[in-house]
1. Does A:Gly306 qualify as being touching a residue at least 60 places away in the same chain (Cβ under 8 Å) and either more than 14 Å from chain B (Cβ to nearest Cβ) or open to solvent by 10 Å² or more (accessible area, probe 1.4 Å) (or both)?
2. Could you count how many residues in region A:351-368 are more than 9 Å from chain B (Cβ to nearest Cβ) and either within 17 Å of B:Asn21 (Cβ to Cβ) or not in a helix (DSSP H, G or I) (or both)?
3. Pairs, please: C-beta under 7 Å, at least 6 apart or cross-chain, first residue in the same structural domain as A:Leu431 (by TED's automatic domain parsing) and within 17 Å of A:Thr410 (Cα to Cα) and in region A:388-400, second at pLDDT 95 or above and β-branched (Val, Ile, Thr)?
4. Based on this model, can you work out whether A:Gly251 counts as out of contact with any Phe, Trp or Tyr (no Cβ under 7 Å at 6 or more places or on another chain), more than 30 Å from B:Arg40 (Cα to Cα) and buried (at least 23 other Cβ atoms within 10 Å of the Cβ)?
5. Can we say B:Arg4 is more than 14 Å from chain A (Cβ to nearest Cβ) and open to solvent by 10 Å² or more (accessible area, probe 1.4 Å)?
6. From the residues in region B:208-237 that are within 21 Å of B:Asn140 (Cα to Cα), assigned to a helix (DSSP H, G or I) and touching a residue at least 24 places away in the same chain (Cβ under 8 Å), which one is farthest from the other protein chains (Cβ to nearest Cβ)?
7. Among the residues of region A:1-44, what is the count of those that are touching a strand residue (DSSP E or B) at 6+ places or on another chain (Cβ under 7 Å) and either farther than 29 Å from A:Met64 by Cα or surrounded by 22 or more Cβ atoms within 10 Å (Cβ to Cβ) (or both)?
8. State which residue is least open to solvent (accessible area, probe 1.4 Å) when the search covers only region B:162-182 and only residues that are of a type in the set (Phe, Trp, Tyr) and touching a Lys or Arg at 6+ places or on another chain (Cβ under 7 Å).
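The values are calculated or read from the model by the stated rules, or taken from the named source; none is laboratory data. The shown structure was predicted, so the numbers you read here are calculated from the model rather than taken from an experiment. Here Cβ is always computed from backbone atoms with ideal geometry, including for glycine, and neighbour counts include all displayed protein chains. Accessible surface areas use protein heavy atoms only, side chains included; no ligands, DNA or RNA. Shrake-Rupley method; radii C 1.70, N 1.55, O 1.52, S 1.80 Å.
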Amino acid sequence: MLRPALLTGKLLRLLRGKKSGRAVGAAALVLCPNLYSRLSVEGKILVITGSDGKSSVCALVTHMLRAAGHRVVTNCEADGRSVGTAAALVSAATLKGKIPCDYLVLEADGRTSDALLSLGKPDFLLVTDLFAHHGPTSSRRAALLSLIDRAVDGHTRLILNAMEPAAADLRPELGRTFFGASPAEGLSAEGHNLVSAGSLCPRCGRALSYRFVFHHHIGDYHCAHCGAVTPRADYLLTSFSASAPECAVNGIPFPAELAAPYHYLNITAATALICETLGITPGEAAGLCAGYRLPAAFYTECALKGRRAVSLLCRTGNPISLDRGLEYAAGRAETKTVLLWVDRPRHPAEEDVSWLYDTTFELLRGRAECVVCAGDCRLDVAARLVYAGLPRESILLCGQEGELAPLLSTTRGTLYILADRERAGRILRALQKGDRA
Amino acid sequence: MSIRILQLYPELMNLSGDIGNLMAVTRRLSELGLRWEVDRASVGDPMPFGEYDLILAGNAPLSALLAAMRDMAPRAAELRAAMEAGRVFLFTGSARCLLGGDLRLRSGQCLSGARILAESHREVARFTGEVVATRPGMGNTAYLGSFDRELETDAASERPLFQTLRGIGDKPEAIYEGVFRGNLYATYLLGPLLVRNPELLEEIVAKLAGSRYQARGESFDAEAKAAALSRLERRKI
């Protein structure tokens with residue numbers, strides 16, 4: 001049923017345009033459940049996996065490959081995981097099931113990857129990080145490790161985060177390239193995240209010590225018991241600024257407009273993958289970044305009623321993702337209001353708010369004049385903020401989207417919006433519409 | 001005099017927001033004007049349980065749980081003495097296994113806990129979901145919790161902590177969950193159980209504060225719980 005699936009998908013795409021994403025994928029998978037194994041990829045396969053940072057690495061790698069003149073098919077703009085990926089592949093495939101491209105760049109997680117793996121063994125597999133934290137939407141370390149084990153074969157080159165103990169220890173018999181960061185001002189051995197260092201040594205199971213923590217358990221580690229240490233990084237984030245968009249990889253400055261600062265390690269990861277794939281230098285990779293902007297879903301800056309508004313993607317149920325947004329917002333020395341829109345995750349344990357207690361809301365203490373809690377979990381977030389030491393009078397509750405604009409008009413300073421991908425877009429559109437009215 | 005709290009294996013057994021329980025207790029003690037201090041102890045550290053008023057341990061992935069179990073098993077006598085002396089224990093998520101007997105893994109490996117509780121655990125396929133429960137013999141107050149585990153136990157405790165109205169108990173077909181013995185609270189339910197259940201927080205704080213205890217006023221915690229229970233009720237329909 002491959003041909004009917006492809007035909008139906010393409011027809012839907014033609015009729016419904018860009019809004020057809022989920023429908024195209026869903027229809028194709030119903031008509032041809034083994035869609036992925038029936039497709040054949042002409043080019044090399046690059047897989048990007050890990051607990052966090054997959055989407056932004058995938059987007060940057062795709063941009064750099066296209067800037068180098070290559071034909072790229074990717075699922076990184078996919079709307080929804082499995083069906084979105086199916087839609088991206090159906091749109092790109094010929095009616096004979098061939099995907100004509102130089103590179104297929106795939107974002108993969110523990111839930112969707114078995115099907116993806118039937119497309120073929122990856123030529124390169126990049127691992128961003130592997131978090132063990134309980135979080136309804138963060139990909140679990142065990143699932144990812146199992147995926148990686150099944151995905152690779154002898155010809156796969158692994159691109160690994162040297163500062164991630166579990167990733168750095170993966171498959172030493174394969175060709176491996178490492179990326180990492182050099183120590184910088186403000187990085188300590190303890191870290192500043194609530195759940196920070198304290199990872200176990202993947203070799204002997206003892207607690208690791210850190211020379212510095214980049215964030216959470218990602219850092220320059222060593223095991224006093226068995227001697228495991230952070231491998232030497234081939235691609236190193238050699239300088240970065242927490243207060244300005246500047247960074248350098250192996251001493252090569254990257255374009256200033258490239259990123260929100262918390263994206264720096266992802267730039268290093270993408271550089272490692274591109275350099276290894278294309279056989280180019282970091283300097284040449286930096287040139288390929290020209291004109292790249294973080295997708296609006298990740299970072300948007302605009303003016304609302306004369307005040308600056310910054311929207312940052314923070315995935316519901318994922319403490320690591322929210323921590324990165326909080327770090328960014330808290331790190332800006334200015335008067336600010338933070339809007340935290342947290343809905344219940346789509347998960348069997350929808351009411352589980354454990355992840356809020358793995359998230360470092362303490363970062364906002366004394367650094368936000370006001371925090372607006374909205375979404376289904378607003379009361380849970382408000383409770384968490386009180387435990388984080390924020391004054392109760394600085395916490396405002398918003399029950400519905402319609403109440404947001406009047407509530408925000410009572411607040412001051414730059415507005416940071418931390419919300420899920422779809423919600424952030426809706427909030428911004430609603431506020432901008434109100435602004436124009 | 002301070003109320004002394006011991007957090008066990010903080011770097012191994014705090015992967016599900018279990019630190020929320022510590023935050024809740026210490027904040028309430030501060031609200032009551034009581035002084036408190038928190039010590040942390042991990043693999044190989046001295047653990048003089050008897051010197052502490054409250055001992056907490058939280059959820060961990062299997063690899064970390066095994067490391068903690070190996071460390072805890074030889075400390076059974078000190079644990080038992082502290083329990084008999086009325087110290088308060090709150091063990092959430094997989095930390096419950098630290099107090100139990102054998103933990104049988106799918107690989108065939110078998111490890112022993114401290115054998116304070118007459119229950120053995122085994123590794124099974126993963127369950128995830130919500131629990132709404134009452135406390136046996138303690139009225140109709142509804143308690144709320146979540147589970148995400150690959151463990152179950154056969155032993156029906158003489159004194160279960162919860163009787164489930166929604167969700168699973170000690171194993172999928174069981175309605176009873178956890179162990180409540182004197183001042184010992186052990187449950188598979190994970191994370192910030194005391195934040196999500198202000199009544200349980202007050203029960204434990206009252207035990208710690210003694211005559212200095214005063215009931216709490218309004219809190220976001222109680223409102224959040226009511227909202228969550230209401231959503232779960234609607235979903236049931």
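1. No, not satisfied.
2. Here the count works out to 7.
3. That search, which allows pairs on different chains as well, returns A:Arg392/A:Val386; A:Ser394/A:Val371; A:Ile395/A:Val371; A:Leu396/A:Val372; A:Cys398/A:Val372.
4. No: the conditions fail for A:Gly251.
5. Yes: the conditions hold for B:Arg4.
6. Of everything passing the filter in region B:208-237, B:Lys236 is farthest from the other protein chains (Cβ to nearest Cβ).
7. Qualifying residue count, region A:1-44: 1.
8. In this case the residue turns out to be B:Phe162.
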